[in-house]
Amino acid sequence: MRRKTFDTLLTAAGLVVAVILLVAGALLSWGSSFVNTQVHDQLAAQKIFFPPAGSEGLDAKTYPGLQQYGGQQLTTGEQAGAYADQFIAKHLEEIAGGKTYSELSTESRANPQDTELAGKVQTVFRGETLRGLLLNAYAFGKMGQIAGIAAAVSYVGAALMFLLSILGIVHSRRTPADAVVGGVHERIEPVKA
């Protein structure tokens with residue numbers, strides 16, 4: 001195969017890959033922006049605030065990992081995950097003595113006259129529901145973050161492929177017309193009669 005033909009094919013393939021990476025980067029950027037906006041807007045609408053740092057509601061000994069969020073409104077996936085796993089989970093553990101909603105519910109059905117236990121069941125159910133919803137916001141926030149990183153990688157890959165394609169075009173123009181891939185081209189002289 002002639003070297004010019006080979007260079008042209010590789011350059012064209014590089015340009016196609018660059019365009020695909022550029023489109024992928026744009027879609028990933030859009031996805032990241034959409035997810036992050038949705039997570040922010042949905043959480044902001046709930047008007048959940050962390051208690052002030054160091055306050056009785058956010059004691060530094062009990063909630064050391066939440067002090068950085070003290071007094072802030074919960075608007076990000078990271079905050080939602082921290083609130084769910086460190087704040088709500090701690091309260092649920094205190095209320096239920098470490099038992100899950102399922103365990104409390106089973107006990108409550110066995111003791112239908114125990115109103116205190118029935119109240120705990122309802123409280124733990126609500127808490128676990130809120131915790132689950134916040135953990136979904138955390139998961140979606142993490143997916144938005146990953147999509148943003150993937151978009152950046154796609155853009156870098158597209159730029160690299162465009163650069164390599166330009167270098168391929170330059171190389172193709174400098175290559176002699178009779179050069180071949182993988183060896184030395186032998187010229188065949190016409191037979192003289």
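See the values below:
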quantity	calculated
Boolean, residue 149 is in contact (Cβ under 8 Å) with a residue 12 or more places away in the chain and of a type in the set (Val, Ile, Thr)	no
Filter result for residue 96 (free of Cβ contacts under 8 Å to residues at least 24 places away in the same chain, surrounded by 15 or more Cβ atoms within 10 Å (Cβ to Cβ) and over 21 Å from residue 49 (Cα atoms))	no
The range 54-66, subset part of a loop (DSSP other than H, G, I, E, B) and surrounded by fewer than 17 Cβ atoms within 10 Å (Cβ to Cβ), residue modelled with the lowest pLDDT	54
Boolean, residue 75 is crowded, with 17+ Cβ neighbours inside 10 Å, β-branched (Val, Ile, Thr) and out of contact with any Asp or Glu (no Cβ under 8 Å at 6 or more places or on another chain)	yes
Neighbours by Cβ (under 7 Å, 6+ apart or cross-chain): first from the range 48-64, acidic (Asp, Glu); second not in a loop (DSSP other than H, G, I, E, B)	none
Test: residue in the range 121-140 that is surrounded by fewer than 17 Cβ atoms within 10 Å (Cβ to Cβ), among the aliphatic types (A, V, I, L, M) and closer than 30 Å to residue 22 by Cβ	yes
Any hit, the range 145-158, residues being closer than 16 Å to residue 85 by Cα, modelled with pLDDT of 95 or more and out of contact with any Ser or Thr (no Cβ under 9 Å at 6 or more places or on another chain)	no
Filter result (outside any helix (DSSP H, G or I) and surrounded by 15 or more Cβ atoms within 10 Å (Cβ to Cβ)) within the range 16-48	48
Inter-residue pairs, beta-carbon under 8 Å, first within 16 Å of residue 2 (Cβ to Cβ) and in the range 162-184, second loosely packed, with under 10 Cβ neighbours inside 10 Å and at pLDDT below 80, 6+ apart	178/187; 180/1; 181/1
Count - residues of the range 67-94 that are assigned to a helix (DSSP H, G or I) and under 21 Å from residue 145 (Cα atoms)	11
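The values are calculated or read from the model by the stated rules, or taken from the named source; none is laboratory data. The structure presented is a predicted model; accordingly, all values stated were derived computationally and were not measured. Virtual Cβ from ideal backbone geometry, glycine too; neighbours counted across all protein chains shown.
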